[in-house]
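**Q** Got a structure for you, written out below as structure tokens; questions coming shortly.
The values are calculated or read from the model by the stated rules, or taken from the named source; none is laboratory data. None of the values given here were measured: they were computed from a predicted structure. Note that each Cβ is placed from the backbone with ideal geometry, even for glycine, and that neighbours are counted across all protein chains shown. Note: areas computed on protein heavy atoms with side chains; ligands, DNA, RNA excluded. Shrake-Rupley method; radii C 1.70, N 1.55, O 1.52, S 1.80 Å.
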Amino acid sequence: MRPVRLMKVFVTRRIPPEGRAALARAADCEVEHWDSDEPIPNKELERGVAGAHGLLCLLSDRVDKRLLDIAGANLKVISTLSVGVDHLALDEIKKRGIRVGYTPDVLTDATAELAVSLLLTTCRRLPEAIEEVKNGGWTTWKPLWMCGYGLTASTVGIIGLGRIGQAIARRLKPFGVQRFLYTGRQPRPQEAAEFQAEFVSTPQLAAESDFVVVTCSLTPATKGLCNKDFFQRMKKTAVFVNISRGDVVNQDDLYQALANGQIAAAGLDVTTPEPLPTNHPLLTLKNCVILPHIGSATHATRNTMSVLAANNLLAGLRGEPMPSELTL
């Protein structure tokens, strides 16, 4: 009897244990991991993907035409450990009939929690306050010292009222937000009803919001959406938060807006590039809080993401419906 040929699977990073265990149980697959927390070098990625039937990758892995050519005709499934898919050459992938799995929904709550944490940290100037305690700047109680901005009776503008945008609004509402605005490709009256959110143009959202939270996908239409014109329309007391993708924001324009006092503060969980160089101008500003893209970074969420990514991959390889397949 002829032995069953195992399907080759390549995993581009060390993934959480539950996802790794799910792959290890797959008797029909031969799984190779790049067993490191650090990004895989290009040469190793090319070696590992060559002849693979399935690829489990991260949002930091660029899967372009060249890599697909190196992978060859065997490649049937790409499963990404992310909601975002802007690192994948989707047109080329579709042309080759490759199925794509991704991980929506499971990171919504963790990312929304982080967005609210970042907004509060930024608007109440917590990193500055902590530093003042450490460096001796805290001398006595002063009426005007370290004052920031609060959410009570404020207007919050959300760019992209998808799953994460709604989850953020749901968490902000109890803080006493008076008005929610949102913008996107089209109105979403059903989703907006819970918050009485108003669909407005992007310029109107910029002009009327006390807090702007960016949660949209990165597309050609949203790339560079938050630019000089956008920041000039914002209130001088407004706070800007981005937890979507770095390329939605023109960072040079954001730096100028913060340095010149056009807006009060900014909080970013995403940048361009990632990691942000330690000598980047944004890091010199006290009114800019930058986190290292940790929106989904809870133990439970990352484990759940890894299991979903593994199950997407295995289902695709076996010709079964994926738990979460991207429609191409």
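**Q** Per residue, how many Å² of accessible area does region 127-174 show with a 1.4 Å probe?
**A** Numbers: 2800 Å² over 48 residues.
That works out to 58 Å² per residue.
**Q** Please list ARG318, ARG185, ARG302 in order of solvent-accessible area, largest first, computed with a 1.4 Å probe with all protein chains present.
**A** ARG185, ARG318, ARG302
**Q** Can you pick out the pairs among LYS8/LYS94; LYS95/LYS228; LYS43/LYS94; LYS65/LYS223 whose Cα atoms lie more than 28 Å from each other?
**A** LYS95/LYS228
**Q** Apply the membrane-span-like helix rule to the chain: whole DSSP H runs, Cα extent along the own long axis of at least 15 Å, mean Kyte-Doolittle hydropathy at least -1.0. List the helices found.
**A** TM-like helix candidates: 108-123, 299-317.
**Q** Next question, about the same structure. Remind me, what semi-axes does region 1-90 give for its equivalent ellipsoid, largest first in whole Å, using sqrt of 5 times each Cα gyration tensor eigenvalue?
**A** 21, 17, 12
**Q** Hey, another quick one. At 1.4 Å probe size, put TRP145, TRP138, TRP34 in order of accessible surface, largest to smallest. Let's see the in-between values first.
**A** Numbers: TRP145 85, TRP138 165, TRP34 60 Å².
Output order, biggest surface exposure first: TRP138, TRP145, TRP34.
**Q** Could you calculate the contour length gain from ALA193 to ALA300, that is, 0.36 nm times the residue separation minus the distance between their Cα atoms, to one decimal place in nm? Before the final figure, lay out each step's value.
**A** Working: separation 107, 0.36 × 107 = 38.52 nm, distance 3.03 nm.
Stretched out fully, the ALA193 to ALA300 stretch lengthens by 35.5 nm.
**Q** Kirkwood Rh, the chain, all Cα pairs: how many Å?
**A** Details: mean 1/r = 0.0467 Å⁻¹.
Kirkwood hydrodynamic radius for the chain: 21.4 Å.
**Q** Can you report the principal axis dimensions of region 107-290 using only the alpha carbons, biggest first, rounded to whole angstrom?
**A** So the extents along the principal axes, rounded to whole Å, are 51, 34, 31.
**Q** If you stretched the chain out fully between ASP28 and ASP64, how much longer would it get, using 0.36 nm times the residue separation minus the C-alpha to C-alpha distance?
**A** On the way: separation 36, 0.36 × 36 = 12.96 nm, distance 2.73 nm.
Extra length from ASP28 to ASP64 when fully extended: 10.2 nm.
**Q** Nearest 500 deg cm²/dmol is fine: what mean residue ellipticity at 222 nm does the chain get from its DSSP H runs of n ≥ 4 alone, each adding -39,500 (n - 2.57), divided by its residue count?
**A** -9500 deg cm²/dmol, from helical runs alone.
**Q** Nearest 20 debye, what's the magnitude of the dipole of the chain about its Cα centre given +1 on Lys and Arg Cβ and -1 on Asp and Glu Cβ?
**A** Working: 37 positive and 34 negative charges, 60 e Å.
Charge dipole, the chain, about its Cα centre: 280 debye, nearest 20.
**Q** May I ask you to give the solvent-accessible area per residue for region 181-276, in square angstrom, as obtained with a 1.4 angstrom probe?
**A** Values: 4300 Å² over 96 residues.
Result: 45 Å² per residue.
**Q** In nm, to one decimal, how far is the modelled label at GLN256 from the one at THR139, with both set 7 Å along Cα→Cβ?
**A** So the two model labels end up 3.7 nm from each other.
**Q** Let me ask something else. How many angstrom lie between the Cα centre of region 177-209 and the Cα centre of region 16-67?
**A** 40
**Q** Report Rg (one decimal) and Dmax (nearest whole number) for region 263-328, counting Cα atoms only, units Å.
**A** Rg then Dmax for region 263-328, in Å: 18.1, 53.
**Q** So, taking all protein chains as they sit and a 1.4 Å probe, how much accessible area belongs to MET234, in Å² rounded to tens?
**A** MET234 has an accessible surface of roughly 10 Å² with all protein chains in place.
**Q** Okay, next question. Taking every pair of alpha-carbon atoms in region 222-310, give the share separated by more than 18 Å as a whole percent.
**A** 47
**Q** Right, next: With the full set of protein chains in place, find how many percent of the accessible area of region 1-55 is carbon and sulfur; take the probe as 1.4 Å.
**A** Carbon and sulfur together cover 53 percent of it.
**Q** Expressed as a whole percentage, what fraction of the accessible surface of region 211-281 belongs to carbon and sulfur atoms when a 1.4 Å probe is rolled over the protein heavy atoms?
**A** Values: 1450 of 3000 Å².
About 48 percent, which is the carbon plus sulfur part of the accessible surface.
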